[in-house]
1. For the stretch 289-345, name all the residues that are surrounded by fewer than 18 Cβ atoms within 10 Å (Cβ to Cβ), among the small types (Gly, Ala, Ser) and in a helix (DSSP H, G or I).
2. Do you know which residues across the stretch 413-430 are under 12 Å from LEU553 (Cβ atoms) and of a type in the set (A, V, I, L, M, F, W, C)?
3. Only one of (1) touching a residue at least 24 places away in the same chain (Cβ under 8 Å); (2) buried (at least 19 other Cβ atoms within 10 Å of the Cβ); (3) in a helix (DSSP H, G or I) fails for VAL504. Which number is that?
4. Among the residues of the stretch 276-315 satisfying the criterion of being over 22 Å from TYR159 (Cβ atoms) and polar (S, T, N, Q), which is nearest to the ligand (Cβ to nearest atom)?
5. Return yes when LYS171 is within 30 Å of ALA140 (Cβ to Cβ), of a type outside the set (A, V, I, L, M, F, W, C) and in a helix (DSSP H, G or I) and no when it is not.
6. Suppose we keep only residues that are touching a residue at least 12 places away in the same chain (Cβ under 8 Å) and more than 14 Å from the ligand (Cβ to nearest atom) within the stretch 321-343. Which one would you say is nearest to SER118 (Cα to Cα)?
7. Answer with yes or no whether LEU96 is touching a Cys at 6+ places or on another chain (Cβ under 9 Å) and more than 14 Å from the ligand (Cβ to nearest atom).
8. Which of (1) within 15 Å of ASN475 (Cα to Cα); (2) buried (at least 21 other Cβ atoms within 10 Å of the Cβ) is the odd one out, the single condition GLY554 does not satisfy?
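The values are calculated or read from the model by the stated rules, or taken from the named source; none is laboratory data. Keep in mind it's a predicted model, so treat the numbers as computed, not measured. Counting neighbours? That spans all protein chains shown, and the Cβs are built from the backbone with ideal geometry, glycine included.
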Amino acid sequence: MDFKSKVVDLVASQVDLPKEKINQLIERPKNEKMGDYAFPAFALAKIVHKNPVEIATSIAANLKSADFSTIQAVGPYVNFAINHEKLITQTLQEVLAQKEHYGDQKLGEGNVPIDMSSPNIAKPMSMGHLRSTVIGNSIAETLKKVGYNPIKINHLGDYGTQFGKLISAYKHWGVEEDVKKDPIMSLFKYYVKFHEEAEKNPELDDEGRSWFKKLEAGDQEAVELWQWFREVSLADFKRIYQELGVTFDSYKGEAFFNDKMQPVIDELKQKKLLHESQGAQVVDMGKDENPAMIVKSDGTSIYLTRDLAAAIYRMNTYHFVKMIYVVGNEQSHHFVELKTVLKKMGYDWADEIYHVPFGLITQNGKKLSTRKGNVIFLDQVLQDAVSLAGKQIEQKNPDLAHKEQVAHDVGVGAVVFHDLKNERTENFDFDLEEVVRFEGDTGPYVQYTNARAQSVLRKAAKLGQKPNLNNIALNDDWSFAVAKSLADFPRIIARSCDKFEPSVIAKYSLDLAKKFNKYYANVKILTDDQQISARLALVQATSIVLTEALRLLGVNAPKEM
Ligand code: ARG
């Protein structure tokens with residue numbers, strides 16, 4: 001049990017407040033010398049009509065516990081100072097006994113579809129889609145650790161008027177061999193060319209539209225081309241997913257919902273929610289809001305209608321307890337509309353739909369745009385990251401075994417970690433050199449710290465020494481800082497989960513790594529004395545937690561680097 005929970009239990013034995021409330025009230029004393037936790041007694045003054053100083057004094061007088069070196073009243077506070085040796089011993093025992101299951105907890109259960117990644121076929125996957133992929137993946141791993149059953153859904157952008165344009169472009173300039181060799185690059189080139197040419201020659205747009213009509217009508221040539229584009233694009237995306245180590249439970253994209261929209265439109269009509277506005281079919285969103293468009297004036301359906309159909313389909317298929325959409329900030333309004341329309345339809349489960357937005361990645365402060373061909377190619381980014389990591393490994397550890405695998409784990413891990421370490425709604429700049437550094441707030445720094453811990457354990461084993469938990473008597477400040485951080489891990493996971501915020505875990509892993517490196521710099525771990533096996537236990541526990549934190553982020557932790 002963590003020490004904050006112990007404080008809660010102790011306070012609960014003395015005051016008539018629910019544990020949850022006590023848990024919220026507990027503070028960190030401003031001055032560390034005052035202790036590790038403080039219960040503010042003035043929270044009770046109104047209820048028991050006594051003065052807070054008196055209340056604090058009487059609570060403190062009644063409490064005794066070997067887990068705390070002191071429990072004393074200071075003014076209106078009851079301050080608790082952790083017994084260092086106890087915390088270190090108990091925490092190391094827990095981590096070593098539970099191993100990678102340390103931090104597992106039961107915060108909920110049931111299916112949670114996560115709509116994530118969802119790139120658009122025939123276009124390169126953008127940095128935004130990368131963000132969605134890695135944030136969604138980390139949320140999935142974290143939800144699993146606390147009892148839920150995440151279902152990762154890739155809602156591919158595989159339908160829409162742009163495919164009419166693409167077919168038209170392919171008919172003009174397409175070369176089958178090129179598409180086979182490098183599908184996305186080639187298709188994207190045609191698409192960009194189409195836009196350039198259409199500016200000079202507006203007839204092209206009409207041609208694109210008519211190809212889209214054919215596609216909708218099931219014209220064989222149009223459908224075959226579209227299917228081919230989808231297939232080759234998906235194969236390209238899957239290569240990137242494989243590099244990232246991310247898998248999906250479903251690839252049902254927009255096209256899957258083609259025949260599932262009419263029933264939704266009918267239902268909206270039947271529930272009297274749909275009305276006409278300038279030839280389009282819309283749902284009212286309340287007085288100061290624009291109505292939500294369901295069917296366009298030319299009869300074609302839109303993005304929102306598909307998402308309505310998809311949400312209802314997922315409810316019927318998965319009976320979810322929550323559903324999460326990991327999609328950029330810029331689509332916030334869309335998800336407000338989605339939830340509002342579902343609620344109007346009488347679907348109260350819409351309250352359990354969460355849009356998890358994230359900020360933009362810029363390069364040299366500039367926004368990236370696919371339309372203008374101003375994109376970062378993810379394949380290239382990952383390759384460059386791996387080769388940069390490889391170069392650093394070559395310098396630091398030229399004799400390392402499995403160098404290529406390690407360079408891959410470090411390079412790709414660096415990109416993923418960088419994407420997750422900032423609060424997700426922040427915008428940030430992407431600079432590869434910065435991302436792959438072995439020092440500073442980077443993934444490689446955390447990986448390197450873990451590898452250092454592993455190397456200590458290997459050296460110890462050669463000396464015939466192993467981690468052991470009998471007779472731990474560590475109480476130096478460096479050990480305490482590490483152990484306290486280890487003890488925080490379960491709460492960190494809960495917080496990350498509650499806010500759908502992987503950065504909580506990423507920042508935690510950096511903090512733990514820093515504390516461990518201070519320990520490493522200040523304590524002679526391998527000195528042959530009574531406490532060597534206890535120190536090794538601390539090293540091993542750190543490695544277990546760093547590895548598990550990285551795993552929750554979707555980053556591998558090589559044992560050597
Ligand atoms: N394909 C869309 C895009 O690239 C993202 C789809 C997000 N998911 C959804 N159900 N709307 O912008």
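1. The answer is SER332, and nothing else.
2. ALA414, VAL415, VAL416, PHE417, LEU420
3. Looking at each condition in turn, VAL504 falls short on (1).
4. Once the filter is applied, the top-ranked residue is ASN290.
5. Against the criterion (within 30 Å of ALA140 (Cβ to Cβ), of a type outside the set (A, V, I, L, M, F, W, C) and in a helix (DSSP H, G or I)), LYS171 does not qualify.
6. LYS322
7. no
8. Of (1) within 15 Å of ASN475 (Cα to Cα); (2) buried (at least 21 other Cβ atoms within 10 Å of the Cβ), only one is false for GLY554: (1).
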